[in-house]
Amino acid sequence: MPETALKYARSVCPLDCPDACSLKVTLDGDKIVAVDGNPDHPVTKGAICNKVRNMPGRVHHPDRLMYPLRRIAPKGVGGPEAFERITWDEAYEEIVGRMERTISDYGPQAIMPYSFYGNMGILNAEGMDRRFFHRLGATRLDRTICSVAGGVGFNYTMGAGAGIDPEETIHSKLIIVWGANLVSTNMHQVVYATEARKRGAKIIHIDVHRNRTSVWADEFIGLRPGTDSALALGMMNVLIREGLTDAKFLAEHTVGFDELAAEAALYTPERVEEITGVPADTVIRLARDYGTVSPAYIRIGNGLQHHDNGGMAVRTIACLPALTGQWAVKGGGAIKSNSHYTAVNAERLERPDLLADKTTRIVNMNQLGEALELQDPPIKFLLVYSSNPAVVTPDSNRVRKGLMREDLFTVVHDLFLTDTCQYADLVLPATSHFENMDLFASYWHLYMQLHEPIVAPMGECKSNFTLFKELGLRLGFEAEAFDITEEQMIREALDYPENPYIEGMTFEALRENGWMKAKLNGLSLFNERVPTPSGKIELVSERMKLAGLPAVPSYAPVSEGEEDLPFVLVAGPNHNFLNSTFANQESLKKLEKRPTLHMHRDDAATLGLVSGERVRVRNGRGEVVITLDAAENVLPGVVVTQGLWWEDGYEGRQSINSLTSQRLADMGGGATFFSSRVEVLKAAAE
Ligand SMILES: Nc1nc2c(c(=O)[nH]1)N[C@H]1C(S)=C(S)[C@@H](COP(=O)(O)OP(=O)(O)OC[C@H]3O[C@@H](n4cnc5c(=O)[nH]c(N)nc54)[C@H](O)[C@@H]3O)O[C@H]1N2
Ligand SMILES: Nc1nc2c(c(=O)[nH]1)N[C@H]1C(S)=C(S)[C@@H](COP(=O)(O)OP(=O)(O)OC[C@H]3O[C@@H](n4cnc5c(=O)[nH]c(N)nc54)[C@H](O)[C@@H]3O)O[C@H]1N2
Ligand code: SF4
Ligand SMILES: [Mo]
């Protein structure tokens, strides 16, 4: 192919990943032939992960949906044979007709959206769809599946989802990676930390699983799942006892040190060892490192907060940099999320005013299974987009049972026939982000990026924006809110004087530069008023007391109520998929080989199990057949598996979330994916 036939275009990675990489896309006509990193981006600097290098194979995949489909086989049957092709007109007529009938028979709350961040673009993830469901008065979905428990916990301490600028972390001398699998989930933090290491930094990984990130780090500290707040309190115990706290910073910027110190006094290294499994002398050494090496930076992940006590774990860890004054040191402090800095005008984007005086109920997305059993009114119409709930949502057997209801009308809008489509009455083809205009923020770095379409919509695909706009117009909704362009909506979202960090970020400026950085200059959270009610970092929190939570950091064990089951199961994401996205792409499945269960070799010996054999992992909710790997990369009593494989990845066709619970975390209604218990048994011969 002559080089001259190729064109290059700038794009943004749309996936739910902190890095939000800038991409350089190679086009041959309207075909995307290569996706690389864009070397000009100040943070992502031309490096991208292998998953997204495989994007051409995803956008031009032979299985990609190209036109609307209507079910002709019984519910529960998947695959293209289960559907017939229809036109968009037919699809819209059916949707609008069903919605109108549902509303007249049961009221608008019998309709419910189910979505998450399959595409992080602001317009497509939380723009026109929000307007549409507000205007309908549908049941509202609380989008709690990812990071809310830790988000709320961090907020109690710091007042906002805002940490330090990650570009400063090259100056760090001690980097603690806490409950984050960075090598797989935040590769540019790894780049910065590796640069810091060249300049003398030490990297410590605190996790329940010795994984790729532990191998890259200088030290691995393994602990029992859900015991992080006890470890953090143990560090505080040592810091306070040994005089390693920063009295001046504490006096100027915090409230509640004495109450916190009283609680921390209870967490001696010996007691912490009993709770966490981390040897007392390691707790002491970790605290001394943290109290003496500066700048010290903590990258807080989402893994540790997918527990019953996940909110408190993050709330507690977020207090550590205040004890040592590290928030005030360049390259010190912490990041859980930085979304606060690039927040757009949600009121104008999502238009909650369109609800008018309609009363609505809220359903927690982690409890979809339960919601599909609701009675008053029942959910009769479910519209799924940018999510794959049959795979990603906890207690999936209960979810699937709900989706099987003959009286439930389910529409799925996606790029592929996902497992959720096995239960869809109608399937609608979605564009990829390459085909759309959108605005992207990162929840880690501080750049906003504008995306302009680089190819035309493929087949008959429509974006979320277009789908909800056209549905709104067919239902006769206000032109002012629905008959607008993407560009108009971006302008509305950016019009937000309340966020000084994005001052000057206009559509024109973004279009010209491609990206712009939120301005922290002089506005850093820790120089002036901290955005908590007291204006200080809250080591003691009145808000928590009002919410019925302990006002100071404390430790409570995860509670499953299935204590007779011997193992805690930690089933997190893997390296080559993005949640369940890419788990239908052969090239990436091959790299992951198969789902694997990691168990301590002593536990395996006790059970008479050996590496490489198939085992049944079960509890009262489900049973998954999986291949065992017995080694020493988890503590006894813990089993770990990675990857949200579709059901065909498992011998028994039950995917991993058939084992997880709908129980909610201590804060924000967060998910507790990693607090479930299981037993592990020999599988019958094949
Ligand atoms: N390659 C890849 N990248 C991704 C994703 C993906 O699926 N694949 N998903 C994206 C999304 S949506 C998210 S939310 C992020 C998630 O990425 P991370 O924030 O890194 O979170 P997880 O990978 O879920 O879990 C991180 C680590 O927490 C550990 N862990 C589990 N329980 C505990 C505990 O109690 N204490 C401690 N200390 N550690 C514990 C797990 O073993 C795991 O190594 O990654 C994003 N990036
Ligand atoms: N056991 C276990 N379960 C988990 C987790 C875990 O660690 N362990 N992690 C949880 C977390 S942190 C998260 S964030 C969730 C993620 O859950 P989901 O957000 O459901 O994530 P994906 O599996 O990536 O599914 C996204 C879907 O959106 C589709 N999509 C992409 N772009 C578009 C678009 O523009 N329009 C439409 N209509 N569709 C689009 C994709 O093809 C894909 O099918 O999973 C959660 N589930
Ligand atoms: S998935 Fe993450 S690391 Fe990979 S290209 Fe996208 S933003 Fe970058
Ligand atoms: Mo997530």
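Of all residues in segment 30-37, none satisfies being at pLDDT 95 or above, within 16 Å of ligand 4 (Cβ to nearest atom), not in a helix (DSSP H, G or I) and not assigned by TED's automatic domain parsing to the domain that holds Ala424. May I ask you to list the residues in segment 559-591 that are touching a Phe, Trp or Tyr at 6+ places or on another chain (Cβ under 7 Å) and not in a strand (DSSP E or B)? Correct list: Asn576, Ser580, Ala583, Asn584, Leu588. Residues that are part of a strand (DSSP E or B), touching a helix residue (DSSP H, G or I) at 6+ places or on another chain (Cβ under 9 Å) and surrounded by 17 or more Cβ atoms within 10 Å (Cβ to Cβ) within segment 630-646 comprise Ala630, Val638, Val639, Thr641, Gln642, listed in sequence order.
Taken over segment 17-36, the criterion of being buried (at least 20 other Cβ atoms within 10 Å of the Cβ) and either within 27 Å of the chain's Cα centre (by Cα) or away from ligand 2 (no atom under 16 Å from the Cβ) (or both) is satisfied by Cys17, Pro18, Asp19, Ala20, Cys21, Ser22, Leu23, Val25, Val35.
Can you confirm whether segment 42-53 contains a residue that is more than 16 Å from ligand 1 (Cβ to nearest atom), assigned to a loop (DSSP other than H, G, I, E, B) and farther than 30 Å from Ser337 by Cα? No, the conditions are met nowhere in segment 42-53. For segment 532-563, a residue qualifies if it is in contact with an Asp or Glu (Cβ under 6 Å, 6 or more places away or on another chain) and in the same structural domain as Leu250 (by TED's automatic domain parsing), and the qualifying residues are Thr532, Val540.
Test of understanding: among Leu244, Leu233, Leu250, Leu260, which residue is farther than 27 Å from Ser675 by Cα and either under 33 Å from the mean Cα position of the chain (by Cα) or within 16 Å of ligand 2 (Cβ to nearest atom) (or both)?
Working: Leu244 fails: either under 33 Å from the mean Cα position of the chain (by Cα) or within 16 Å of ligand 2 (Cβ to nearest atom) (or both); Leu233 fails: farther than 27 Å from Ser675 by Cα; Leu260 fails: farther than 27 Å from Ser675 by Cα.
Exactly one residue qualifies, and that residue is Leu250.
The conditions of being more than 22 Å from the chain's Cα centre (by Cα), closer than 22 Å to Phe582 by Cα and among the aromatic types (Phe, Trp, Tyr) are not met by Tyr385.
Being modelled with pLDDT of 95 or more and within 16 Å of ligand 1 (Cβ to nearest atom) is a property that Val152 has.
Please go through segment 573-614 and pick out each residue that is β-branched (Val, Ile, Thr) and closer than 20 Å to Ala180 by Cα.
At the first step, the residues of segment 573-614 found to be β-branched (Val, Ile, Thr) are 581, 596, 606, 610.
Scanning segment 573-614 gives Thr581, Thr596.
Please work out if Thr606 is surrounded by fewer than 19 Cβ atoms within 10 Å (Cβ to Cβ), touching a strand residue (DSSP E or B) at 6+ places or on another chain (Cβ under 8 Å) and among the β-branched types (Val, Ile, Thr). Criteria not met by Thr606. Lys330 - would you say it is under 27 Å from Tyr447 (Cα atoms) and touching a strand residue (DSSP E or B) at 6+ places or on another chain (Cβ under 8 Å)? No: the conditions fail for Lys330.
If you check Val190, Val208, which single one turns out to be closer than 24 Å to Pro566 by Cβ and of a type outside the set (D, E, K, R)? When all the criteria are applied, what remains is Val208. Counting the residues of segment 567-621 that are under 20 Å from Met187 (Cβ atoms) and away from ligand 1 (no atom under 16 Å from the Cβ) gives 0.
In segment 556-587, of all residues being closer than 16 Å to Val617 by Cα and of a type in the set (Val, Ile, Thr), the one that is nearest to ligand 2 (Cβ to nearest atom) corresponds to Val570.
The condition (being in contact (Cβ under 8 Å) with a residue 40 or more places away in the chain, closer than 27 Å to Gly121 by Cβ and not assigned by TED's automatic domain parsing to the domain that holds Leu136) is satisfied by just one residue among Asp414, Asp438: Asp438.
Conditions tested, residue by residue: (1) in a helix (DSSP H, G or I); (2) closer than 28 Å to Val314 by Cβ; (3) in contact (Cβ under 8 Å) with a residue 60 or more places away in the chain.
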| position | (1), (2), (3) |
| --- | --- |
| Val615 | no, no, yes |
| Val625 | no, no, no |
| Glu651 | no, no, no |
| Met667 | no, yes, yes |
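Looking only at segment 64-72, decide whether some residue is more than 15 Å from ligand 2 (Cβ to nearest atom), buried (at least 21 other Cβ atoms within 10 Å of the Cβ) and not basic (Lys, Arg). No, there is no match, as no residue in segment 64-72 is more than 15 Å from ligand 2 (Cβ to nearest atom), buried (at least 21 other Cβ atoms within 10 Å of the Cβ) and not basic (Lys, Arg). Counting only residues that are out of contact with any helix residue (DSSP H, G or I) (no Cβ under 9 Å at 6 or more places or on another chain) and within 8 Å of ligand 3 (Cβ to nearest atom), segment 5-20 holds 1 of them. With respect to Asp425, is the statement that it is away from ligand 3 (no atom under 16 Å from the Cβ), outside the structural domain of Glu623 (by TED's automatic domain parsing) and in contact with an Asp or Glu (Cβ under 9 Å, 6 or more places away or on another chain) true? Spelling it out, Asp425 is indeed away from ligand 3 (no atom under 16 Å from the Cβ), outside the structural domain of Glu623 (by TED's automatic domain parsing) and in contact with an Asp or Glu (Cβ under 9 Å, 6 or more places away or on another chain).
Residue by residue, here is whether (1) assigned to a loop (DSSP other than H, G, I, E, B); (2) within 13 Å of ligand 1 (Cβ to nearest atom) holds:
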residue: Met112; (1), (2): no, no
residue: Met120; (1), (2): yes, yes
residue: Arg135; (1), (2): no, no
residue: Ile164; (1), (2): yes, no
residue: Glu195; (1), (2): no, no
residue: His209; (1), (2): yes, yes
residue: Ser214; (1), (2): no, yes
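From the list Ala456, Ala390, Ala430, Ala441, the lone residue that is of a type in the set (A, V, I, L, M), modelled with pLDDT of 95 or more and within 16 Å of ligand 1 (Cβ to nearest atom) is Ala441.
Let's see how each residue does on (1) assigned by TED's automatic domain parsing to the domain that holds Asp666; (2) within 16 Å of ligand 1 (Cβ to nearest atom); (3) under 28 Å from Lys248 (Cβ atoms); (4) surrounded by 22 or more Cβ atoms within 10 Å (Cβ to Cβ):
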| position | (1), (2), (3), (4) |
| --- | --- |
| Ile298 | no, yes, yes, yes |
| Asn302 | no, yes, no, yes |
| Gly311 | no, yes, no, yes |
| Thr324 | no, no, yes, yes |
| Tyr341 | no, no, yes, yes |
| Asp353 | no, no, no, no |
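Check whether at least one residue in segment 132-144 is closer than 16 Å to Ile300 by Cβ and either within 16 Å of ligand 3 (Cβ to nearest atom) or crowded, with 23+ Cβ neighbours inside 10 Å (or both), and report yes or no. Outline the logic, then answer.
Pass one, segment 132-144, residues closer than 16 Å to Ile300 by Cβ: none.
No: segment 132-144 contains no residue that is closer than 16 Å to Ile300 by Cβ and either within 16 Å of ligand 3 (Cβ to nearest atom) or crowded, with 23+ Cβ neighbours inside 10 Å (or both).
The values are calculated or read from the model by the stated rules, or taken from the named source; none is laboratory data. If you're wondering where the values come from, they're calculated on a predicted model, not measured in any experiment. Here Cβ is always computed from backbone atoms with ideal geometry, including for glycine, and neighbour counts include all displayed protein chains.
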